[in-house]
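Structure first, commentary second.
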Amino acid sequence: MSANEMTPERQFDRLMESREHQSGRILGISHSTLRMFAHDRGGNLSLRVMVPEEFNLRRLVSTRGIEVDTETRLGESRELAFISRSPSLDTLFLSFVRFAVDRTAGEEEEAGALGELLDAYDAFRHFMESQKTLSAEALKGLVAELVVMTWLIDRGLSPAAVLSGWKGPFKDNKDFVLPDGRAYEVKSAPYNSDTVRISSPEQLEPNGLMLSLCVVRMEKATEGMEEAATLTDLIAGLTGRFASAGVDPAALHVGLEAYGLAPEDEESRAAWFMCRRPVEYGIAAGFPRVGRDAVPRGVSGVNFLVDLSCAKDFLIEDESAVDSPASAVSASTGSAL
């Protein structure tokens, strides 16, 4: 089995495909340091991590959608297991898995990687349990991710794969991670801006994925402006697209809740935007970014700006684009034009 086939997305996707027939199946996950496994645990997904006997494994508290188990063993080996509480919460669980894998990938020693894993879980739990309001920046980020979600479906990607691959609301380092290894980091920007802010080096770290940066240029709008739409329009349009494709849209609403969009937040839902079609840049050697390897040990909280005018060589042409530079949002359907 190749390393590419042993990504978390690939292994958990295989478990979900055979969930009804092969309960108890365990598949190895490629990791530079940790011994990790994807497990079908009685119909629920589980990430199992082997822990040396000498490692001081502190107490971890279960959180929304994820149960923590430190009592079971894989044979004679001590282990730590994170378990999805139900299939309806698989998207949330898989977002934690990708966040944990990305967070630990740079550690060369097992003890250091396990420490990063525990810190990643604590950060994820804090994020899920904190009281959140949808700030102006968060609102723009959510709109951008929904525009990209629509754009991916319009390009012929499976609606089910796009929805299950939406990781943005769950503190993942990538906003979309698809089973075929493609991933997308989404950023919003004003119409006249050529820069986007990257919140951490990990966001543009491919980590074995075919990673793209998608930039959605947008401006606030008012009701009645041609091609303007609200967040409610986008949500309704996507809900309809999933229903038409036979995909349960429940995961969309779980993601919206995790993003911090409360049912009673009418102000955010009624906000008007004009959004242009996403612009895609392939992340490859030479792309202007701060790599994880460039950050000194002990330094954290690094964020940086990318000047998109310096990334023109990495631009990926959208073959589905129309000649007109019209808005990427349709108020009537919520779909990309």
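The values are calculated or read from the model by the stated rules, or taken from the named source; none is laboratory data. Keep in mind that what you see is a predicted model, and the values were worked out from it rather than measured. Cβ: placed from backbone, ideal geometry, glycine included. Neighbour counts: every protein chain shown. Side chains are part of the model used for accessible areas, which takes the heavy atoms of the whole protein and leaves out ligands, DNA and RNA. Shrake-Rupley method; radii C 1.70, N 1.55, O 1.52, S 1.80 Å.
Structure notes:
- Degrees separating the helix 8-17 axis from the principal Cα axis of the chain, which is the longest one: 90
- Relative to the longest principal axis of the Cα atoms of the chain, helix 250-259 runs at roughly 90 degrees.
- Percentage of interatomic Cα-Cα distances in the range 214-261 larger than 17 Å: 49
- GNM on the chain, alpha-carbon springs under 10 angstrom: the most fluctuating residue among Ser188, Ser244, Ser30 is Ser244.
- For Asp233, the accessible area of its heavy atoms, probed at 1.4 Å with every protein chain present, is near 40 square angstrom.
- Scanning residues 5 or more positions from Asp175 or on other chains, those with amide H under 5 Å from its amide H are Tyr184, Glu185, Val186, with H placed 1.01 Å from N in the peptide plane.
- Table column - 3J(HN,Hα) (Hz), the range 302-311, Karplus curve with 6.51, -1.76, 1.60, x for Gly and Pro: 7, 9, 7, 9, 10, 7, 5, 5, 8, 10
- Separation of the Ala123 and Arg297 label points, Cα + 7 Å toward Cβ, nm: 1.9
- A Förster radius of 56 Å combined with the Cβ-Cβ distance from Ser244 to Arg58 puts the calculated FRET efficiency at roughly 0.75.
- Taken over the range 22-125, the alpha-carbon convex hull comes to 93 cubic angstrom per residue.
- In degrees, nearest ten, helix 136-154 long axis to first principal axis of the chain (Cα): 90
- Listed residue pairs exceeding 22 Å between alpha carbons, taken from Lys187/Lys220; Lys187/Lys312; Lys140/Lys174; Lys140/Lys312; Lys167/Lys220: Lys140/Lys312; Lys167/Lys220
- With viscosity 1.306 mPa s and temperature 10 °C, the Kirkwood radius over alpha carbon pairs of the chain converts through Stokes-Einstein to a diffusion coefficient of 76 µm²/s.
- For the range 74-160, GluC sites (Glu not before Pro) are listed when DSSP marks them as loop and at most 16 other Cβ atoms sit within 10 Å of their Cβ; the list is Glu76, Glu108, Glu109.
- Rounded FRET efficiency, nearest 0.05, which uses the C-beta distance separating Ala262 from Cys310 and R0 of 45 Å: 0.70
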